[in-house]
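Chemist: Let me begin by handing over the structure; questions about it come next.
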Amino acid sequence: ISEVTIAQRLKEMGYRTGLVGKWHLGDTSEAFLPARRGFDHSVGSLGNVSARALAKEGAGQSPLFYRGTEMLRTLPGAPVTSPVYAREACEFVDQNREQPWFLLLSFNAVHDPVVASPEWVARFQHLPKPQQYYAALLAEADAAIGQVLSKIRELGQEENTLIFLLSDNGNGNAVAETGGLRGGKWFLWEGGIRVSWIAAWKGHFPGGRVVNDPVIQLDVLPTAVAAAGRPVPPQWELDGVNLLPLLEGRQAALEERPLYFRFGVQYAVRQGDWKLVKASGPMEPMLVDLARDPGESVDLSSREPGRRKELQALFDSWNAKMQPPRWQDGRWSGVSKTTGG
């Protein structure tokens, strides 16, 4: 609770703040709900939505959804939530069209369960069944995003709206495409942390560009503050950087900087094309050159001991300033037991 969210920052700047979709940051008490973390309007799921959990009946069953400070057993339409979230998001944008607004739209798709509306499944009958349902899940989420973008366009707000579209992690489904990257969700290999990221701001960003500079979700807040025409107070001590000069084409590339990742006993640090990664408890850190080896197959530690030592020192220095990991899970960390916190 001591941490300050992006919603709290923007609310202080006069923005109406909304969250539609998956929260998954604590459902143990009202104090951890989005409504208590800076969001004026909030509705969605407390975590992952499963058809099995929705089907359970009886007292003592944990709520799966929230609206404001109210916890709910279900939302109409669940477990297919993409169209529900699209409607909620459009209503939020429409209701706040006369004032600055910030919306975090966090879909359950394409996470399990792999479910979609019948009309979307029918469009992919030509595919094998596992691919059929995954394609329908993806297409329905895509249509929901398009619905929200159409509402912004309809209200004439495209020139005033900075839009980021990104995933929280890489491949988590057997039929998803990883492009040859190693690993997937739950791991700090590139298949788990390298994700698609689209940025749009009509009249500000030139279209059709592919930018290969490594960036991180932590860059969203300083970029949003800069887009609002405000300076970032030094006392915020933000880890990200303002991406506007890069996205607007005023800057050819970002200044090189280390990017840090940590998940339980796993950790990684990237600087330029070099990456040091430890993807399980028993594993020794591995040094890779992502420019030549994006699949992370060759350990260059013995060939580049100085670089390995440098990256390890960078991570150790950063990690010493962080709180200890509060959650370790043996299913993906290579440790013997699961602990929570």
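The values are calculated or read from the model by the stated rules, or taken from the named source; none is laboratory data. Values in this document were obtained by computation on a predicted structure and should not be read as measured data. For neighbour counting, all protein chains shown are included, and Cβ atoms are generated from backbone atoms with ideal geometry for every residue, glycine included. What goes into the accessible areas is simple: the full protein's heavy atoms, side chains included, and nothing from ligands, DNA or RNA. Shrake-Rupley method; radii C 1.70, N 1.55, O 1.52, S 1.80 Å.
Chemist: Of all residues in region 212-226, which are surrounded by 16 or more Cβ atoms within 10 Å (Cβ to Cβ) and over 12 Å from LEU162 (Cα atoms)?
Modeler: Matches in region 212-226: PRO214, VAL215, ILE216, ASP219, PRO222.
Chemist: In addition: Quick one: which of GLY191, GLY183, GLY203 is in contact with a helix residue (DSSP H, G or I) (Cβ under 7 Å, 6 or more places away or on another chain) and buried (at least 19 other Cβ atoms within 10 Å of the Cβ)?
Modeler: One residue alone meets the criteria, GLY183.
Chemist: Moving on. Could you check region 169-273 for strands (runs of 3 or more DSSP E) lying wholly inside it with 1 or more residues that are of a type in the set (S, T, N, Q)?
Modeler: 266-271
Chemist: Any residue at all in region 249-265 that's over 18 Å from ASN319 (Cα atoms), in contact with a strand residue (DSSP E or B) (Cβ under 7 Å, 6 or more places away or on another chain) and at pLDDT 95 or above?
Modeler: Scanning region 249-265 turns up no residue that is over 18 Å from ASN319 (Cα atoms), in contact with a strand residue (DSSP E or B) (Cβ under 7 Å, 6 or more places away or on another chain) and at pLDDT 95 or above.
Chemist: May I ask you to say which residue of VAL84, VAL43 is part of a helix (DSSP H, G or I), at pLDDT 95 or above and of a type in the set (A, V, I, L, M)?
Modeler: Criteria check complete, one pass: VAL84.
Listed here are the residues, each with its yes/no results for (1) among the basic types (Lys, Arg); (2) at pLDDT below 95.
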site: GLU296; (1), (2): no, no
site: SER302; (1), (2): no, no
site: GLN312; (1), (2): no, no
site: TRP318; (1), (2): no, no
site: LYS321; (1), (2): yes, yes
site: SER333; (1), (2): no, yes
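Chemist: For residues that are closer than 17 Å to GLY184 by Cα and in contact (Cβ under 8 Å) with a residue 24 or more places away in the chain, scanning just region 284-306, find the one that is most open to solvent (accessible area, probe 1.4 Å).
Modeler: So, considering only residues that are closer than 17 Å to GLY184 by Cα and in contact (Cβ under 8 Å) with a residue 24 or more places away in the chain, the one most open to solvent (accessible area, probe 1.4 Å) is SER297.
Chemist: State all residues of region 94-117 that are more than 24 Å from ASN171 (Cβ to Cβ), touching a helix residue (DSSP H, G or I) at 6+ places or on another chain (Cβ under 9 Å) and surrounded by fewer than 20 Cβ atoms within 10 Å (Cβ to Cβ); if no residue qualifies, say none.
Modeler: ASP94, PRO100
Chemist: For region 282-334, what are the residues that are among the basic types (Lys, Arg) and in a loop (DSSP other than H, G, I, E, B)?
Modeler: Once the filter is applied, which keeps residues that are among the basic types (Lys, Arg) and in a loop (DSSP other than H, G, I, E, B), region 282-334 yields ARG292, ARG303, LYS321, ARG326.
Chemist: Consider only pairs whose beta carbons are under 6 Å apart and that are at least six residues apart or on different chains; among these, list those whose first residue lies in region 233-261 and is open to solvent by less than 30 Å² (accessible area, probe 1.4 Å) and whose second residue is assigned to a loop (DSSP other than H, G, I, E, B) and among the β-branched types (Val, Ile, Thr).
Modeler: So the pair list comes out as LEU259/ILE216.
Chemist: Does GLY60 satisfy being over 19 Å from the mean Cα position of the chain (by Cα), of a type outside the set (D, E, K, R) and at pLDDT below 95?
Modeler: Answer is yes for this residue.
Chemist: Return the only residue of VAL225, VAL277 being of a type in the set (Val, Ile, Thr), farther than 30 Å from GLY156 by Cα, at pLDDT 95 or above and over 18 Å from the mean Cα position of the chain (by Cα).
Modeler: VAL277
Chemist: Please count how many residues of region 271-283 are closer than 20 Å to GLN217 by Cα and open to solvent by 40 Å² or more (accessible area, probe 1.4 Å).
Modeler: Of the residues in region 271-283, 3 are closer than 20 Å to GLN217 by Cα and open to solvent by 40 Å² or more (accessible area, probe 1.4 Å).
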